[in-house]
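See below for the structure under consideration.
The values are calculated or read from the model by the stated rules, or taken from the named source; none is laboratory data. All values reported here derive from a predicted model rather than from experimental measurement. Cβ: placed from backbone, ideal geometry, glycine included. Neighbour counts: every protein chain shown. Quick note on the areas: whole protein, heavy atoms, side chains included, nothing else; ligands and nucleic acids left out. Shrake-Rupley method; radii C 1.70, N 1.55, O 1.52, S 1.80 Å.
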Amino acid sequence: GENLPGGPTSDDAGTDNPGLDAGLIQPKMNLQLQKSGGTWTGLLIPGTEVTWTLTPNNEGSTAAQAGWSVTDVLPAGLEIVSMAGTGYTCDIATTPASPVCTASAGLAAGATGEPITVVTKVATGWTGSSFHNVAYVDKAPNDTTETNPLVTPTTTTDTSTTNTDNDAQASINVVSVGDYVWYD
């Protein structure tokens, strides 16, 4: 930072708060999400179930409060079957295209949360060749500020190019040959 006469200096932008006594550094949390899966058995045709795994963690220096959540943003052609994990209350009915699990406990600094298993199925009438499935983790409504800004991705978000780390993606591609669909 700049060294202004009488002003505080900081080489750690965003964590220095001169409004606090003694210029204390504010602890921050940094919720992150890993997404893996896109696994299924047999042909990827309407009715086929596809399973995804969402694993949250907190890379920040302070715990996340209970009430943080993980949301899966389903692309067209995928429908939610179930979403569950130990220590979460999951809701797949309110917004089926964006089912959400809310944690009943906090997530300690440096800790990895319990994985969430999301089971989807290929929708009737689906004729596409790929699925791009995006998910994100979000802090509890009244929790402290994130180190990195939180974003709410859409079904077309490329999470590898966003300026945050609270989102994750997994894609599957298939190739159609005659009446069969093959994993490519």
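Observations
- Hypothetical label at Ala109: residues of the stretch 51-75 whose amide nitrogen lies under 13 Å (7 Å Cα-Cβ projection): 58-64
- Backbone HN-Hα couplings from phi across the stretch 53-68 [Karplus 6.51/-1.76/1.60, Hz, Gly and Pro as x]: 10, 10, 10, x, 8, 10, 8, x, 9, 9, 6, 7, 6, 3, x, 5
- Under 21 Å from Lys139, Cα to Cα: lysines that are on another chain or at least 8 residues apart: Lys28, Lys35
- Hull volume per residue, based on the alpha-carbon atoms of the stretch 75-173 and their convex hull, is 117 Å³.
- Protection-proxy order for peptides 53-64, 151-162, each taking the mean of Cβ atoms within 10 Å per residue, highest first: 53-64, 151-162
- The value of relative contact order for the stretch 59-168, using C-alpha pairs under 8 Å at least six residues apart, is 33 percent.
- Computed with a 1.4 Å probe over protein heavy atoms only, the accessible surface of the stretch 24-180 comes to 47 Å² per residue.
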